[in-house]
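Chemist: Can you read through this structure? Questions will come right after.
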Amino acid sequence: MKKVSIIFLLSFCLFSNAQEKESLNSATRKFISGADFTQINKDWNVTADFRSGIGEQVSFFPVEAINLKTNQKMKSIQVNMNIKSDFMGKSKEYFKTSWLDLDEVEEFVLFIEQYVIPNLKDKTENKQSTNYIFNSKEISFNFYIEKNTRRISIYLKDYGITDNEHYFWTESQVNKIPELLEILKKINGK
């Protein structure tokens, strides 16, 4: 009887942990992974791209996912990241996709309007810096200021855990943040 209780307890813990990890993903990822057959329509006419000096890229664009069995639909923003990583002299390409749910898009718009745009030209004193961070279920967007330098860093997440090893950053594309804001507003219908 004790063995059965222990097995039941372990099974319950594993099931609870899996449920908890799944809740850390976007509704869009859950929708896509829960469908047997999925169609994803991408609108490449409405996109915001950031590129680094070494050819890395992050793109934000609207998508509509359709469960082909139930005909249910979900709209969101897809974020594609294509970066390079070097390890022991070997360069590797790394590609990852994450999603921003529409309710997160509203929060992202608010964050950019209130905290990033007003500070695009800010500077800090010596040995000081300021970092503005937006976290959603699947991405983290950082706007960093140190002296005259401004930097964007974009991290993607797996089950709520930020991938600090593979991320995108650029200093030369900070001036494109207003473009991202306009795209987010278009997608959100504002």
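The values are calculated or read from the model by the stated rules, or taken from the named source; none is laboratory data. Quick caveat: nothing in here was measured; it's all calculated off a predicted structure. In this analysis, Cβ positions are derived from the backbone assuming ideal geometry, glycine residues included, and neighbour counts consider all displayed protein chains. These accessible areas exclude ligands, DNA and RNA; they are computed on the full protein's heavy atoms, side chains included. Shrake-Rupley method; radii C 1.70, N 1.55, O 1.52, S 1.80 Å.
Chemist: Name the strands (runs of 3 or more DSSP E) wholly inside region 137-176 in which the number of residues that are touching a residue at least 40 places away in the same chain (Cβ under 8 Å) and of a type outside the set (A, V, I, L, M, F, W, C) is 3 or more.
Modeler: Fully inside region 137-176 and qualifying: 161-170.
Chemist: Have a look at Glu125, Glu93 and point out the one that is acidic (Asp, Glu), loosely packed, with under 13 Cβ neighbours inside 10 Å, part of a strand (DSSP E or B) and more than 13 Å from the chain's Cα centre (by Cα).
Modeler: Being acidic (Asp, Glu), loosely packed, with under 13 Cβ neighbours inside 10 Å, part of a strand (DSSP E or B) and more than 13 Å from the chain's Cα centre (by Cα) holds for just one of Glu125, Glu93, which is Glu93.
Chemist: Has region 94-109 got at least one residue that is in contact with a helix residue (DSSP H, G or I) (Cβ under 7 Å, 6 or more places away or on another chain) and of a type in the set (D, E, K, R)?
Modeler: Checked against the condition, which is being in contact with a helix residue (DSSP H, G or I) (Cβ under 7 Å, 6 or more places away or on another chain) and of a type in the set (D, E, K, R), region 94-109 yields at least one hit.
Chemist: Moving to a separate point now. Check region 108-116 and report whether any residue there is assigned to a strand (DSSP E or B) and under 13 Å from the mean Cα position of the chain (by Cα).
Modeler: No, that holds for no residue.
Chemist: Return the pairs, sorted by first residue and then second, in which the second residue is open to solvent by 20 Å² or more (accessible area, probe 1.4 Å) and of a type outside the set (A, V, I, L, M, F, W, C), the first residue lies in region 97-116 and is over 19 Å from Glu64 (Cβ atoms), the beta carbons are less than 7 Å apart, and the residues are 6+ apart or on different chains.
Modeler: Correct list of pairs: Val109/Lys185; Val109/Asn188; Tyr115/Tyr132; Val116/Tyr132.
Chemist: Identify all residues within region 45-85 that are over 25 Å from Phe31 (Cβ atoms) and of a type in the set (Val, Ile, Thr); write none if there are none.
Modeler: Scanning region 45-85 gives Ile54, Ile83.
Chemist: Separate question: Kindly list the number of the only condition in (1) of a type outside the set (Gly, Ala, Ser); (2) within 26 Å of Ile183 (Cβ to Cβ); (3) at pLDDT 85 or above that fails for Lys69.
Modeler: (2)
Chemist: Further question: Which one of the conditions (1) under 14 Å from Leu180 (Cβ atoms); (2) out of contact with any Asp or Glu (no Cβ under 7 Å at 6 or more places or on another chain); (3) not polar (S, T, N, Q) does Pro62 fail to meet, given that it meets all the rest?
Modeler: For Pro62, the failing item is (2).
Chemist: Here is a list: Ile133, Ile152. Which entry is β-branched (Val, Ile, Thr) and open to solvent by 60 Å² or more (accessible area, probe 1.4 Å)?
Modeler: The conditions single out Ile133.
Chemist: Within region 157-178, restricting attention to residues that are closer than 20 Å to Leu110 by Cα and among the aliphatic types (A, V, I, L, M), which residue is surrounded by the fewest Cβ atoms within 10 Å (Cβ to Cβ)?
Modeler: Val174
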